[in-house]
Every structure is written in C-alpha cells, then in structure tokens.
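As structure tokens, the structure follows; a few thoughts come after it.
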Amino acid sequence: MNEAVQTSSDFTPRVFSGIQPSGGLTLGNYLGAMKRFVQTQETGVQSIYCMVDLHAITVWQDPEKLRNATRELCAGYIASGLDPKKSILFNQSQVPEHAQLGWIFNCVARMGWMQRMTQWKDKAGKNTQNASLGLFAYPALMAADILLYHATHVPVGEDQKQHVELTRDIAAKFNHDYGVDFFPISEPVIEGAATRVMSLRDGSKKMSKSDPSDASRINMTDDADAIAKKIRKAKTDAEPLPSESKGLEDRAEARNLVNIFAALNDQSIDQVLADVGGKQFSEFKPMLAELAVEKLSPISGEMARLMQDTKEIDKILQDGALRAREIATPILQETYRIVGMVG
Ligand code: AMP
Ligand code: TRP
C-alpha cells in the first residue's frame, strides 16, 4: 500500500462522523459515538454529523421506518447535546456529492481491500452472492463521507476502526495515483471507557440495534423500568467486583458493566473500581441502573418531545444539508478536475 504523502496535521482540523438510521439508537451508539460528539463540539472544532441513510439501505429498510428512524436519529443527536447551530447535522442523501465522490472511490479502492473488511464478512454472512453490491462498496462510500469535507478526525466506536483505516488507504492511493496532496489522511478517534459496549446477554458480542434479542441492549427510547429490568437481568458471573482493572480480564460481562458505569459517570475504570471493588452484582446492578436512568431519561424525554414536531426536525436537516454542501461542492469539483472530468 502507498505511503501517506501528507498527514492530517497539514489540514485545518475538522471532525466528521455518521450513524445509520437503521433502527433505534442504543446505549452503544450513545457512549461510543454521540456522547463523544458532544464533547468534540464543545472544543470548538468544526464538526459535521451525518445520518447516513444511503448506508442504511445497503440492507433492506422499510421506507416509512427509514424516514422515522432518520428523524429520530436527528432528535437523538440534538437531545444528547448537539447544537445544530454549532455543528452541522444533515442526512446523507440530501448532499448528492457523497454518492458522486463515492463512485470515484469505488474506482480507487481494490476488491481485495473490501473483501478483508470484517463488517462485510459479518453482515453478508455465508450467502455473499445474495448481499447487495452496496453492502460490499459500503466502506468506499464511508471514505467519501469523510473525505468530501477533508475531515481530519473521525470519532467512532472500535468496530469502525478498520473502515477509517481503509479511508486512509483510499486517500493515500488517490493522492499517489494522481500525484496530488489533495485528501488528508484522517485519524480515527477511539477514546474513552466505552468504545465497545457489549451485549447484556453475551459479553463477546457487540451491543447492536440489529440483535434479535431486545434484552441484549438498552435502547435510547427505553423507559426507566425497562432499563432497570435489563440491567437486573444482565448476564454476570458469581464473583464480587475486583478492586483493580486487572481483575476484569477474562470477565467480559463484568468488564462491560463497569465500562458502562465509567462512561456514563465520566470516570475511569480504576476510579469506579476503587468505589465498588468487593461489591456483589446484587449491589452494583441497582447502582448502575440508577445511574443509567439518571443519564438517559432526560435524553429520551427530549427525543420524544422533539419528535412531536417533525417539521422542525426536517428544517434542521435542510439547513444542515445546505451548509454541508457549501463545503462539499468545491471539494468534489476539484476532485473531478484532478481526475480529468470536463465541465
Ligand atoms: P451504527 O449504529 O452501526 O451506524 O454505529 C454508529 C456509531 O456508533 C459508530 O461510531 C459505532 O462505532 C458506534 N457504535 C455502535 N455500536 C456500538 C457499541 N456497541 N459500542 C460502542 N460504539 C458503538
Ligand atoms: N459505518 C458507520 C457505522 O456503521 C457509519 C458511518 C458512515 C460513518 N459513514 C461514516 C462513521 C463516516 C464515521 C464517518 O457505524
């Protein structure tokens, strides 16, 4: 693979990230992505957050549910603390430059690179012949999302690291093949205690909105009772909690609950264990449930309130798309010029 010809430090810092409107938001999305987006926004760096509806349809989406999920995701972003005046919030399909740059990158990325993507392998399953072509090309569109804005930093959960690395490879190959220093080599930002929130039923599986078991996840729309019940029923082991993080090795379920506590409470794992080390789960789980309800209820309440006025949400998305296009249009035009398109 080509050497990076340029580093992201040569570009003005800009943050881009996206979430698929492919169902309800989970605690994994909140801790691994949204909560961190809000922290980034507060640093004052220009931040762009997208509802990636074009990515969502790489697997079947019922049109009415997709529309609702896109608006609900926008409400979730705002309820979590993103300010549509400070950050740019929009849905991907409304900025056609994403699909246009995505095509160029389909011609830069190699089949072999895409075949190595673990998310492709997981999502396509055994029957790859029946998966959509879009699912295979998904990471090239994600590279377009990021590079269309010359984004230097991409806050994501652990599962997206490989896709951001592919984005770097695409940028480097484009720059090398055309002899330019045009695209930045973007950095994944994977920080904090909850970059990989696991299923409450199986500590080896990621908490996911597509898991068939609702008990495996906390949804951002769950009420206090549902949250408490799911935490009470979460799988654990019979040992008390350790006093140091070393004691969580080989205890995936215990580690997951401690990570969630730490991330919700803005503490390190060691700080949490200093307080709860030695406690049984029968004591720790109610503490976690109380904390989760305290932190999540205001967000779900605000989401429900915002969803009552979908016209206002649509206005926010339209305004965001206009502002996104102001950045994206000249970058796409310059890409076309570099590639040799007449126009
Ligand atoms: P998705 O819902 O797959 O579009 O993911 C949107 C963002 O949430 C990405 O940055 C993911 O890495 C992050 N994310 C999703 N699930 C989890 C999880 N269980 N733990 C941490 N981050 C997650
Ligand atoms: N692939 C990401 C996910 O499933 C969503 C995504 C699409 C994204 N485009 C992006 C994330 C650009 C960060 C930057 O979670």
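The values are calculated or read from the model by the stated rules, or taken from the named source; none is laboratory data. Predicted model, so just to flag it, every value in this text is computed and none were measured. Positions of Cβ are backbone-derived with ideal geometry, glycine not excepted, and every protein chain shown enters the neighbour counts. The accessibility values were calculated without ligands, DNA or RNA, using every heavy atom of the protein model including side chains. Shrake-Rupley method; radii C 1.70, N 1.55, O 1.52, S 1.80 Å.
Annotations for the structure displayed:
- Residue-averaged [θ]222 nm for the chain, counting only DSSP H segments that reach four residues, each worth -39500 (n - 2.57): -16000 deg cm²/dmol
- Rounded FRET efficiency, nearest 0.05, which uses the C-beta distance separating residue 64 from residue 308 and R0 of 25 Å: 0.90
- Packing around the peptides 231-239, 46-54, 190-198, taken as the average count of other Cβ atoms within 10 Å per residue, puts them in this order, highest first: 46-54, 190-198, 231-239.
- Considering every alpha-carbon pair of the chain, the percent of pairs per 10 Å bin, from zero through the bin containing the longest distance, is 5, 24, 32, 24, 11, 2, 0.
- Taking only the Cα atoms of the range 214-305, the ratio Rg/Rh comes out at 0.98, with Rh defined as the Kirkwood radius.
- Using the Cβ of residue 148 as centre and a radius below 14 Å, the other residues enclosed give a net charge of -1, where K and R count +1 and D and E count -1.
- Note on the chain: with charges restricted to the Cβ of Lys and Arg (+1) and Asp and Glu (-1), its dipole about the Cα centre is near 660 debye.
- Rolled with a 1.4 Å probe across the full set of protein chains, the surface gives residue 123 an accessible area near 90 Å².
- At least 15 Å along the helix axis (C-alpha) and Kyte average at least -1.0, DSSP helices within the chain: 63-80, 133-147, 252-264, 281-307, 310-339
- What you get for the range 27-178, charging only the Cβ of Lys and Arg (+1) and of Asp and Glu (-1), is a dipole of about 200 debye around the Cα centre.
- Cβ-derived FRET efficiency at R0 35 Å, residue 250 paired with residue 118, nearest 0.05: 0.95
- Probe 1.4 Å, accessible area per residue of the chain, Å²: 47
- For the range 213-298, the Cβ-based charge dipole about the Cα centre amounts to some 240 debye (Lys, Arg positive; Asp, Glu negative; other atoms uncharged).
- Working ranking of peptides 251-257, 73-79, 103-109 by packing, defined as the average number of other Cβ atoms within 10 Å per residue, highest first, is 73-79, 251-257, 103-109.
- Extension gain, residue 239 to residue 290, is 16.2 nm, computed as 0.36 nm per intervening residue step minus the present C-alpha separation.
- Zero-based 5 Å bins, Cα pair distances in the range 50-186, whole percents: 2, 9, 18, 21, 21, 15, 9, 4, 1, 0
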